[in-house]
Structures are given as structure tokens and as C-alpha cells.
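As C-alpha cells, the structure follows; a few thoughts come after it.
The values are calculated or read from the model by the stated rules, or taken from the named source; none is laboratory data. What you see is a predicted model; the values in this text were computed from it and never measured. A quick note on method: Cβ atoms are made from the backbone with ideal geometry, for glycine too, and the neighbour counts reach across all protein chains shown. Just the protein is used for accessible areas: all its heavy atoms, side chains included, with ligands, DNA and RNA removed. Shrake-Rupley method; radii C 1.70, N 1.55, O 1.52, S 1.80 Å.
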Amino acid sequence: MATSAELRYQPQGETLRRFHESRDFVRIIIGPLGSGKTQACICEILYLIDSQVPDASGKRCSRWLAARNTYPELQTTTIKDWRAVTDRLGGQFKNDAPPSWSIAYKKDDGTTVEAQMIFESFDMADDERKARGKQLTGLWLQETKELNKTNVD
């Protein structure tokens, strides 16, 4: 089980600050290249992982899916950016099919966090089947405009 690590993050501007304050079921960030959208999403997911409501046994379990339109873009952007933040936090990255990252740690309140991020490409019209049965806590659609509309719907 990982020891605790601190993540230092400051949102780049008002739009990202409002994104973090929102608790809407669906949130979308639109902005220019380099505006901090990806970093904001990664930090928001890590916050939600850490603040997941514990079950009766004190476990804060969650499973997330990060989706990008193609596997090469998933590897060279989404996973690369995720690992730039999470490699220093602990956890374990597996370059399986599909790639995944998992972490487990104990919080000061005695609860335990157990989380997983799964990375999937969604480039074909029927790829939404990849998400079936995964019992997801949350979904991060990266570059939504590049995803097949059928999968987004």
C-alpha cells in the first residue's frame, strides 16, 4: 500500500476554478492548447478518488475510465500526461490490454483508498461496448470532438 503523497496544483484561471467548484454530473472544458485542461481533469479525478465516500468497511473504492479516439493518441497524450502526475504519487501502471493504473493507500481518518484508472480507445462506432460491465465511478472523455458520436451518446 502506498504512503501518502502531496499533489500541488493551482488551476490556470477562472474557467478551471469554476470547473473544480462544479458538482454537475457532466462537466466539459473547452479552451486553447496549453490552457491546463488536461492537468485540471487529472487533478479533479485524483481529488474525486481521494474523496470517494467510504463503504461500511472503510474502503473508498472507485474505478475510472479515460477514453481517447485512438490507441496511439491514448499512449502519446492521455497516458503520458496521466503518468507525469501520478508516477510521483505512487500506484502502479500496467501497460496491459487495456493499460491501467491503480493505487491503494490509507488516509489519516483510517479509511483506505483503492482506485483504478483504465485507458481505452474508442475509435469505432461500436466501441461503447468496451465500457459495459466495468462498474465505473467516472468517465474522462478526452478530446470529445474526436470521438465517434455514437460512443459519446
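When residue 67 is tested against (1) outside any strand (DSSP E or B); (2) under 30 Å from residue 124 (Cα atoms); (3) open to solvent by less than 70 Å² (accessible area, probe 1.4 Å); (4) in contact (Cβ under 8 Å) with a residue 60 or more places away in the chain, just one condition goes unmet, and that condition is (1). Among the residues making up segment 70-101, those that are acidic (Asp, Glu) and open to solvent by 80 Å² or more (accessible area, probe 1.4 Å) are 87, 96. With respect to the conditions (1) open to solvent by less than 30 Å² (accessible area, probe 1.4 Å); (2) touching an Asp or Glu at 6+ places or on another chain (Cβ under 9 Å); (3) not aliphatic (A, V, I, L, M), residue 150 falls short on a single one, namely (1). Reported count of residues in segment 113-129, each being within 16 Å of residue 61 (Cβ to Cβ) and either in contact with a helix residue (DSSP H, G or I) (Cβ under 8 Å, 6 or more places away or on another chain) or charged (D, E, K, R) (or both), is 4. All of 133, 110 fail the test of being assigned to a loop (DSSP other than H, G, I, E, B), at positive phi and either touching a helix residue (DSSP H, G or I) at 6+ places or on another chain (Cβ under 7 Å) or open to solvent by less than 50 Å² (accessible area, probe 1.4 Å) (or both), apart from 110.
Looking only at segment 38-60, residues that are of a type in the set (Asp, Glu) and in a loop (DSSP other than H, G, I, E, B) come to 1 in all.
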